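The values are calculated or read from the model by the stated rules, or taken from the named source; none is laboratory data. On a predicted model such as this, the values are computed, not experimentally measured, just so you know. FYI the Cβ positions are ideal-geometry reconstructions off the backbone, even for glycines, and counts take in every protein chain you see.
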Amino acid sequence: MLWPLLSPGEPLKPGLLAVALLSCAVLQTDFASGQDSRRASLVGGSGNDMGWLGATGELYVASARVSLFAGLGYTPALNTGDASGLTAAGGARGYTRGQRHRGYVEASVSQVAIEQAGSRRFYGPGVQAGYQYTARSGFTALVSLGIGFIVASDFPGDRAHALGGIGVGYTWR
């Protein structure tokens, strides 16, 4: 039996639609004028982009409208015999305008699922929609929701799994 870390058991469409609508509503009130000064951020928390329990470093490019990120973390064994250990992720994000409130779309490669009572971890591509808040002080919070796909040919179950993330950290300007 396989255990995806964030599998709600329900279709993902309502959750993705809610994140997208919330992001659009908040962003309409906070458009940036001029060039954004973000340079880099470090966020810790839980989610596929942070290696499940870990941190993500992000480097902003293209006037902070695009970022490249790498995450490193740990997947704990919730039951005896479950796959656990060091986990990595990487990808890119495209951001909407905004100084404090921004929506983003993320493309990544990360751990999507683990095998219960086995030692295999399954990686694959994923897409997420998210929201990022960055205060003037540098405090940063983000939340995301999406879907990941397992590409391993020997995967015995459903290849699509829910992805998500929540974290807090700091952004340097």
> Which pairs do you get when a residue that is over 16 Å from residue 136 (Cα atoms) and touching a residue at least 12 places away in the same chain (Cβ under 8 Å), found in region 92-107, comes within reach of a residue that is among the basic types (Lys, Arg) and in a strand (DSSP E or B), reach meaning Cβ atoms under 6 angstrom, with the pair 6+ apart or on two chains?
Replying inline: 95/102; 96/102; 104/93; 106/93
>> With the requirement that a residue be among the polar types (S, T, N, Q) and under 16 Å from the mean Cα position of the chain (by Cα), what does region 54-90 give you?
In response: 56, 67, 75, 87
> Being modelled with pLDDT of 95 or more, more than 20 Å from residue 148 (Cα to Cα) and aliphatic (A, V, I, L, M), is that true of even one residue in region 50-57?
Replying inline: no
> Looking at (1) under 20 Å from residue 60 (Cβ atoms); (2) at pLDDT 95 or above, which is the one condition that is false for residue 98?
Replying inline: (2)
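Of all residues in region 34-53, which are surrounded by fewer than 22 Cβ atoms within 10 Å (Cβ to Cβ) and more than 20 Å from residue 127 (Cβ to Cβ)?
34, 35, 36, 37, 39, 40, 42, 44, 53
Scan region 76-85 and give yes if some residue there is surrounded by 17 or more Cβ atoms within 10 Å (Cβ to Cβ) and at pLDDT 95 or above, otherwise no.
Taking region 76-85 as the starting set, the residues that turn out to be surrounded by 17 or more Cβ atoms within 10 Å (Cβ to Cβ) are 82-83.
Then keep just the ones that are at pLDDT 95 or above; that gives none.
The answer is no; no qualifying residue exists.
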>> Name the single residue that is farthest from the chain's Cα centre (by Cα) among those in region 40-53 being closer than 16 Å to residue 140 by Cβ and of a type outside the set (A, V, I, L, M, F, W, C).
In response: 41
> Within region 23-32, is there a residue that is modelled with pLDDT of 95 or more, among the small types (Gly, Ala, Ser) and surrounded by fewer than 16 Cβ atoms within 10 Å (Cβ to Cβ)?
Replying inline: no
> For region 102-159, which residues satisfy the criterion of being at pLDDT below 95 and on the phi > 0 side of the Ramachandran plot?
Replying inline: 117
> Among the listed residues 105, 112, which satisfies the condition of being among the hydrophobic types (A, V, I, L, M, F, W, C), under 20 Å from the mean Cα position of the chain (by Cα) and surrounded by fewer than 20 Cβ atoms within 10 Å (Cβ to Cβ)?
Replying inline: 105
>> Can you say whether residue 40 is among the hydrophobic types (A, V, I, L, M, F, W, C) and in contact (Cβ under 8 Å) with a residue 60 or more places away in the chain, as far as the supplied structure shows?
In response: yes
